[in-house]
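Trainee: Okay, here's the structure, questions in a sec.
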Amino acid sequence: MNLTEDPIYQFDVGNDQQAMALALIQAGFGMLNTTPNPRVGCVIVKERRVIGAGFTQPPGGNHAEIQALADAAARGQDVRGATVYVTLEPCSHFGRTPPCADALVRAGVARVVAAIADPNPLVAGQGLAKLQAAGIDVMCGLLEEEAQEINIGFLARMRTGKPWVRMKSAASLDGKTALHNGLSQWITSQAARDDGHVWRARACAIMAGIGTIAKDDAQLTVRAIDTPRQPRRIVVDSKLAVSPQARVIQGGGTWIFTATEDKEKTARLEAEGAEVIVLANADGKVDLPALVRELGQRQINELHVEAGSKLNASLIREGCVDELLVYLAPSLLGEGRNMFDLPPLDDLSGKIGLNFYEVKQIGPDLRILARFN
């Protein structure tokens, strides 16, 4: 399509909120391939028309602001005196690419509106300050909540040093993930299963326990949708029992977290391209909080967990989960396997509280996003 035919360039931008909404749409175009960088969108507006638009490219490529400036130049548009709408504060430091704030100053734009300030210690307000020092009018905080949702993992890692951990489960309406004999294919619909792969694709890594790997020979890959990259695969395996021939190992790059030192087994797994990381707690199991911190250090923004009831419960008990992604089918299975193998309570005061963030129907099933208090 010719650039001038894109509807975004025909849009009559009446106010800041409309323009930022367009920038958020741009940010969404980078949902699957910017990691570990944030997903950022940018539009440049002049005389109520978008004259340039862009979003952050894969690591090493242009940031959203540079893409939008280049887009405007390619279309013969003069950005001097224009307003730039960007979903995250422009960077002020040299990384893989030069500072975006400097590029905006050189371009002669009159105004910059950012949705949120960047909590990255390398930026942290310095980008906005640089723009203001150059005489550019700066505003920050427009559609802040929407911008935070797009970058929920990056922001979590910048603020806490840990990724945003999302735990996915599929169950019947009475909360069963499988029959009493373990049969579970399929409780939810094809639509729900495909939607689950959309959530896999946006994550930086997919994690499961050795029980899931052994039972299903799970691949932990995105298959239901096209994706420009596959997330990192992670296995929690305290006794280092995973087979080097398991499908999750094939293709290399899998991280195996264990509590067991076994040089021979480790060498066989590493020969298949896996990395074995020993993180043991006092009980001889994988130290889950340490695992999550390690993933933050390895620049994992969003961790997608698809595990069995035991690992699910351990992660929840140790405060390692931020959000549940639950698909509920309109069926009842009776006695069967639970989503979480949590201990019984004697008093309701011990219940674990969550907040429903979103409830949406996917095919015949319900998709619930619930966040821990």
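Trainee: Would you please name the residue that is surrounded by the fewest Cβ atoms within 10 Å (Cβ to Cβ), looking only at residues in segment 32-63 that are touching a residue at least 40 places away in the same chain (Cβ under 8 Å) and within 14 Å of the chain's Cα centre (by Cα)?
Mentor: Pass one, segment 32-63, residues touching a residue at least 40 places away in the same chain (Cβ under 8 Å): 32-33, 35-45, 49-51, 53, 58.
Add one more test, that the residue is within 14 Å of the chain's Cα centre (by Cα), and what stays is 32-33, 35-40.
Details: LEU32: 20, ASN33: 19, THR35: 24, PRO36: 14, ASN37: 25, PRO38: 27, ARG39: 28, VAL40: 32.
For segment 32-63, the residue satisfying everything is PRO36.
Trainee: Sort out which residues of segment 79-103 are open to solvent by 20 Å² or more (accessible area, probe 1.4 Å) and at pLDDT 95 or above, and write them in order of number.
Mentor: Within segment 79-103, ARG80, GLY81, THR83 qualify.
Trainee: In the list GLY273, GLY251, which residue meets the criterion of being at pLDDT below 95 and of a type in the set (Gly, Ala, Ser)? Lay out the reasoning, then the answer.
Mentor: Values: GLY273 fails: at pLDDT below 95.
Sole residue among the options that is at pLDDT below 95 and of a type in the set (Gly, Ala, Ser): GLY251.
Trainee: I've got another one for you. Quick check: is even one residue across segment 361-368 outside any strand (DSSP E or B) and surrounded by fewer than 20 Cβ atoms within 10 Å (Cβ to Cβ)? Before you say what the answer is, go through the steps one by one.
Mentor: At the first step, the residues of segment 361-368 found to be outside any strand (DSSP E or B) are 363-364.
Filter once more, so that each one left must be surrounded by fewer than 20 Cβ atoms within 10 Å (Cβ to Cβ): 363-364.
The answer is yes, given that some residue of segment 361-368 is outside any strand (DSSP E or B) and surrounded by fewer than 20 Cβ atoms within 10 Å (Cβ to Cβ).
Trainee: Considering (1) in contact with a Pro (Cβ under 7 Å, 6 or more places away or on another chain); (2) of a type in the set (A, V, I, L, M); (3) touching a residue at least 40 places away in the same chain (Cβ under 8 Å), say which one ALA191 fails and leave the rest.
Mentor: Going through (1) in contact with a Pro (Cβ under 7 Å, 6 or more places away or on another chain); (2) of a type in the set (A, V, I, L, M); (3) touching a residue at least 40 places away in the same chain (Cβ under 8 Å) one by one, ALA191 breaks only (1).
Trainee: Which of (1) out of contact with any Pro (no Cβ under 9 Å at 6 or more places or on another chain); (2) assigned to a helix (DSSP H, G or I); (3) in contact (Cβ under 8 Å) with a residue 40 or more places away in the chain does ALA27 not meet, given it meets every other one?
Mentor: Result: ALA27 fails condition (1) only.
Trainee: Considering only residues of segment 235-248 that are of a type outside the set (Lys, Arg) and without any contact (Cβ under 8 Å) to a residue 40 or more places away in the chain, which is most open to solvent (accessible area, probe 1.4 Å)?
Mentor: To start, the set of residues in segment 235-248 that are of a type outside the set (Lys, Arg) comprises 235-238, 240-246, 248.
Checking the rest, the ones that are also without any contact (Cβ under 8 Å) to a residue 40 or more places away in the chain come to 235, 240-246.
Numbers: VAL235: 0, LEU240: 6, ALA241: 66, VAL242: 3, SER243: 49, PRO244: 10, GLN245: 130, ALA246: 10 Å².
My answer is GLN245.
Trainee: Within segment 290-312, does at least one residue satisfy the condition of being part of a strand (DSSP E or B), of a type outside the set (A, V, I, L, M, F, W, C), at pLDDT 95 or above and open to solvent by 40 Å² or more (accessible area, probe 1.4 Å)? Quick ask: steps written out before the conclusion?
Mentor: Initially, segment 290-312 is screened for residues part of a strand (DSSP E or B), giving 302-305.
From the residues that got through so far, the ones that are of a type outside the set (A, V, I, L, M, F, W, C) too are 302, 304.
With at pLDDT 95 or above added as a condition, the list becomes 302, 304.
Narrowing further to those that are open to solvent by 40 Å² or more (accessible area, probe 1.4 Å): none.
No, segment 290-312 contains no residue that is part of a strand (DSSP E or B), of a type outside the set (A, V, I, L, M, F, W, C), at pLDDT 95 or above and open to solvent by 40 Å² or more (accessible area, probe 1.4 Å).
The values are calculated or read from the model by the stated rules, or taken from the named source; none is laboratory data. Just so it is clear, the model here is predicted, and its values are computed rather than measured. Positions of Cβ are backbone-derived with ideal geometry, glycine not excepted, and every protein chain shown enters the neighbour counts. SASA here: full protein model, heavy atoms, side chains in, ligands and nucleic acids out. Shrake-Rupley method; radii C 1.70, N 1.55, O 1.52, S 1.80 Å.
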